[in-house]
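Following: one structure in structure tokens, then a few remarks.
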Amino acid sequence: MEANIRGAGRLPAAFLTPGSSSFMDFLGEHAPAALPGNREVPPVKGAVEAPHGTTIVALTFPGGVVLAGDRRATMGNMIAQRDIEKVFPADEYSAIGIAGTAGVAVEMVRLFQLELEHFEKVEGAQLSLEGKANRLSTMIRSNLGMAMQGLAVLPLFAGWDPAREKGRIFSYDVTGGRTEERGFASVGSGSVFARGALKKLFTDELTERQAATVVVQALYDAADDDSATGGPDLTRRIFPIVTSITDEGFRRLPDAEVSEIARSVVDGRLELPDGPRASVL
């Protein structure tokens, strides 16, 4: 399927033949070896040592949804990277955060971005949010063989649904099983601790700024109890990646804005180390 660079520069017939709007289907038909799920992984004994991304959190608010992740990658008991990026735009109105094997996860994100872009070019319209979530489910399922060898990827997908006029969150298991979350969600090694914070601080009346503050609080709590999750690093100026998706599209909050939120959270912890208290009743 290589391009003809010696002749008139014409594309191979595969590129000119009408077919599926799915780029993965196109690859599966014309270059199946290029699909990550079709690669042969050599047998290994024990766990595979590779950098792993950790905690991702998401939370809805009236007018949209925020998706955020810490910046730490670990390999065994070592910190492999302090400033890894684990939250990406999927397209103009959705985003994906990744936990699991970092290299496999980043490749899956790029393929997912290409899948959505390919659909839009072929069909002339964007896929629905439900359709995007289903496409991601298929991609995760195709990675099951690698996941069974320890190279698992667990994404959190969030976006603005123009049909329902609200933000929505989808989580997945390693087999591609999809679940729509209500209000908030978390994945990764620190997800249990982050989810506890989200549960106590979530309300239906948060502003975008308050929602961003809540996810930073949740990541702080995750880092407080999970060694694989990194908290705000004020000395190195490394802060969580916080994104917001509304009817105006995807927006990554500038570092200056996240820094301001993170510093206010840390200042609050100087007074209350365990974070803000929820009311008893």
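The values are calculated or read from the model by the stated rules, or taken from the named source; none is laboratory data. All of these numbers come straight from a predicted model, not from anything done at the bench. Using ideal geometry, Cβ is built from the backbone for each residue, glycine included, and neighbour counts are taken over all protein chains shown. The area values use the complete protein model at the heavy-atom level, side chains included, leaving out ligands, DNA and RNA. Shrake-Rupley method; radii C 1.70, N 1.55, O 1.52, S 1.80 Å.
From the list 100, 76, which one is closer than 18 Å to residue 49 by Cα and within 12 Å of the chain's Cα centre (by Cα)? First the steps, then the outcome.
Values: 76 fails: within 12 Å of the chain's Cα centre (by Cα).
Answer to the selection: 100.
The one condition from (1) open to solvent by less than 50 Å² (accessible area, probe 1.4 Å); (2) under 18 Å from the mean Cα position of the chain (by Cα) that residue 250 does not meet is (1).
List the number of the failed condition for residue 229; all other conditions in (1) under 27 Å from residue 51 (Cα atoms); (2) open to solvent by less than 10 Å² (accessible area, probe 1.4 Å); (3) out of contact with any Ser or Thr (no Cβ under 7 Å at 6 or more places or on another chain) hold. That leaves (3) as the condition not met. Determine whether the range 101-115 contains at least one residue that is part of a helix (DSSP H, G or I), modelled with pLDDT of 90 or more, open to solvent by 30 Å² or more (accessible area, probe 1.4 Å) and touching a helix residue (DSSP H, G or I) at 6+ places or on another chain (Cβ under 6 Å). So far as the range 101-115 goes, yes, one or more of its residues are part of a helix (DSSP H, G or I), modelled with pLDDT of 90 or more, open to solvent by 30 Å² or more (accessible area, probe 1.4 Å) and touching a helix residue (DSSP H, G or I) at 6+ places or on another chain (Cβ under 6 Å). In the range 116-135, the residue that is most open to solvent (accessible area, probe 1.4 Å) out of those that are among the hydrophobic types (A, V, I, L, M, F, W, C) and either closer than 10 Å to residue 23 by Cβ or outside any helix (DSSP H, G or I) (or both) is 122. Of all residues in the range 136-179, exactly one satisfies the criterion of being part of a strand (DSSP E or B), within 13 Å of residue 94 (Cα to Cα) and open to solvent by 30 Å² or more (accessible area, probe 1.4 Å), namely 166.
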